[in-house]
Each structure stands twice: as C-alpha cells, then as structure tokens.
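Worksheet: the structure to be examined is printed underneath.
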Amino acid sequence: MKLFVYHTPELTPTDSVPDCAIAIDVLRATSTIATALAAGAEAVQVFSDMDKLMYVSEQWPHEKRLRAGERGGAKVAGCDLGNSPLDCTPELVQGKRLFISTTNGTRSLQRVQNAASVLAGAFINRKAVVEYILAKQPETVWIVGSGWEGSFSLEDTACAGAIAHSLQSATGTPLDEFAGNDEVIAASALYLQWKDELLQLMHHASHGKRLLRLNCHEDLKYCVQTDILDVLPIQKELGVFVKNG
C-alpha cells in the first residue's frame, strides 16, 4: 500500500486516480456528512455548484429532502441548513436525503469522485476509515484535504496525519515504504504534535478563527473529537454517499 496526502484538491495529480480516495473537510463538510448518515439520513448528495444542487433537489419529494448550503462559513439563503454537523439530528434527517454544497469540502469530493472507492473522512470517524482501508488493502490511497479556497489548512492536514499514522502503526510498514510523498510524513508529524490539543489547534487555524467569529465554538469542539462515530460515508454513485455496512 502506498499512501499520498494532498493538502488541497488542486494539488492532486490530474492524470491519474487512486484505488481509494479519502476526502477530508474537518470544518465542516465531511464531519457533517458522517453525522447526517449516523443520524439516519438515507444518503448525502454533494455538489460544488449551488444552482445544480437546487435543480437536482427539486426533482426529489419535498418531505424527503434537506438542502444544506454554506459559503464563507455562513448558511446560503433558501437552504434548510448551513454546514453544521450539530444540526443533523435524527429528528430532522431520519430517512431524508441531504443535498449539500459547501465552500471547500464538496469540491474535494468531486475532484476524487472517479476513484474506485471514495470515502468521506474526519476526526469523528477516523477509526471507521482506517478499518475500511485495512480490510480492503487498496494499492494506492489518496488523502485529500479541502483547505480553504485553494490554500493549506491545519485541520485537514492534521486529520490526514491521524489517518496516516493509524494506518502506518497498524500495518507496521516502515514510514519510508508507506509514504508515497513527503506530505504523508509532514501530516503525521503535525498530528503527533497536536493530537492531545486538537481544539487548541483549531483555534490557531484560520478557518477555526473564521468559525469562532460566526459563534461556532460548539462545532469546533464536536469536530475535533476522535473516533466517536462508527460510520463510513462511501460513494455508491457519483456524488452520492451512503453509510457503509
């Protein structure tokens, strides 16, 4: 197994796809997707384009859909939800399809949508992601952070490091053999430096600060919890994620 970490979707190779891709947007798209599926959503369908989301979701029965739209950390007008995982309660999402478009995370998911298997990863479901990779043993794995509008983000790379460190520890493979690029080593080091102070790291992160200005402190506290959900969002058709198993 060779593991590659890419800090943003723009940094991924354009001439190939991996056997397995893990898209990460800790704050907050992939955390929200995992939470919605854990709470009983029928599926989560992702869009990078808000107009397309509105058009496609219009074909879905009104009582069976929820529209979640976020730009710049704030809810998009005309949507039922923004991008807070805390809004995805069983009472609200049970049996419904969540149509979601966010500033960064849904772009990452669409960038890797042609990989043989596509997963949505976050701190909250790190263990489920790792267990899937260990069971399937894909030859090449990309972990793709969402960043912020094309730039590096601390939280996504730290989460990539959490997954990489777990995989490397479980397989016992020497890091030099396991890492397909230098970013794997850097991401692992970042995670190991901050693994006991992840909330503090979010307070240093530019997007963490942006969310704090929007009074989303509870979101930060929720999104840095590790392994609290035994749910793996996996793509069953282009852009549509369901709960694995």
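Listing for the model above:
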| read-out | value |
| --- | --- |
| Residue list for region 124-150, restricted to those being within 11 Å of L3 (Cβ to Cβ) and open to solvent by less than 60 Å² (accessible area, probe 1.4 Å) | I133, P138, T140, V141, W142, I143 |
| For Y191: the one exception among (1) under 17 Å from I143 (Cα atoms); (2) out of contact with any Cys (no Cβ under 9 Å at 6 or more places or on another chain) | (2) |
| Which listed residue is closer than 30 Å to T171 by Cα, open to solvent by less than 10 Å² (accessible area, probe 1.4 Å) and at pLDDT below 95, from A34, A29, A21 | A29 |
| Condition broken by T157, with the remaining ones in (1) closer than 19 Å to G72 by Cα; (2) touching a His at 6+ places or on another chain (Cβ under 8 Å) satisfied | (1) |
| Test set (1) at pLDDT 95 or above; (2) in contact with a helix residue (DSSP H, G or I) (Cβ under 9 Å, 6 or more places away or on another chain); (3) open to solvent by 10 Å² or more (accessible area, probe 1.4 Å) - G72 fails condition number | (1) |
| Selection count where residues are surrounded by 15 or more Cβ atoms within 10 Å (Cβ to Cβ) and either in contact with a strand residue (DSSP E or B) (Cβ under 9 Å, 6 or more places away or on another chain) or at pLDDT below 95 (or both), scope region 217-239 | 6 |
| Positions within region 77-88 being free of Cβ contacts under 8 Å to residues at least 40 places away in the same chain and either buried (at least 24 other Cβ atoms within 10 Å of the Cβ) or among the small types (G, A, S) (or both), in sequence order | A77, G78, G82 |
| Pairs where the first residue, in region 35-47, is free of Cβ contacts under 8 Å to residues at least 60 places away in the same chain and closer than 13 Å to P90 by Cα and the second is open to solvent by 10 Å² or more (accessible area, probe 1.4 Å) and part of a helix (DSSP H, G or I), C-beta under 6 Å, 6+ apart | A39/P90; G40/P90 |
| Number of positions in region 211-245 that are touching a Phe, Trp or Tyr at 6+ places or on another chain (Cβ under 8 Å) and part of a helix (DSSP H, G or I) | 1 |
| Test for A128: is it within 20 Å of K243 (Cα to Cα), touching a Cys at 6+ places or on another chain (Cβ under 7 Å) and of a type outside the set (K, R) | no |
| Number of positions in region 89-110 that are open to solvent by 10 Å² or more (accessible area, probe 1.4 Å) and modelled with pLDDT of 90 or more | 8 |
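This table checks each residue for (1) under 14 Å from the mean Cα position of the chain (by Cα); (2) within 20 Å of V231 (Cβ to Cβ); (3) touching a residue at least 60 places away in the same chain (Cβ under 8 Å).
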position	(1), (2), (3)
A116	no, no, yes
L119	yes, yes, yes
Y132	no, yes, yes
A135	no, yes, no
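The values are calculated or read from the model by the stated rules, or taken from the named source; none is laboratory data. If you're wondering where the values come from, they're calculated on a predicted model, not measured in any experiment. Heads up, the Cβs are rebuilt from the backbone with ideal geometry, glycines too, and the neighbour counts pull from every protein chain shown. Areas reflect the complete protein model, heavy atoms only, side chains present, ligands, DNA and RNA absent. Shrake-Rupley method; radii C 1.70, N 1.55, O 1.52, S 1.80 Å.
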